[in-house]
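One structure below.
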Amino acid sequence: MTLGMTPLRPGNTIAFASDRNDPMDIYAVQSGGTGITRLTLTDDIETNPAWKSTDLQMVFETDRNANEDIFRMSSDSSFQTDLTKNVAEDYRPNREH
């Protein structure tokens with residue numbers, strides 16, 4: 001199952017969530033279907049990736065902290081940061097986070 005596809009960003013890269021390696025993780029792929037890269041590697045569920053307007057970062061939803069939070073990371077998967085640390089469930093990030 002593949003969920004949460006985002007539009008192309010400059011450089012023709014698509015971000016998407018997939019459970020191909022269980023659980024759901026974030027991946028990036030070139031628009032032609034080559035160069036699939038796994039960007040998250042945790043035991044938690046990550047979904048709904050969205051490229052930020054800078055195109056060097058993306059935001060995504062994860063349950064890493066025992067509830068749904070919005071995280072930001074660099075396009076190379078580094079610098080993963082929780083943007084919404086709280087007890088509430090936070091869903092559906094958009095490119096303006």
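The values are calculated or read from the model by the stated rules, or taken from the named source; none is laboratory data. Worth saying up front: this structure is predicted, and the values here are computed from it rather than measured. Methodologically, a virtual Cβ is constructed for each residue, glycine included, from the backbone with ideal geometry; neighbour enumeration extends over all protein chains shown.
Flag not set for ASP90, criterion: of a type outside the set (Ser, Thr, Tyr) and at pLDDT 85 or above. Taking each residue of region 30-44 that is farther than 16 Å from PHE60 by Cβ and of a type in the set (Gly, Ala, Ser) and looking for partners that are modelled with pLDDT under 90 and part of a loop (DSSP other than H, G, I, E, B) with beta-carbon atoms closer than 7 Å, six or more apart or interchain, yields SER31/LEU8; SER31/ASN12. Note on region 62-74: residues that are modelled with pLDDT of 85 or more, assigned to a loop (DSSP other than H, G, I, E, B) and not acidic (Asp, Glu) amount to 2.
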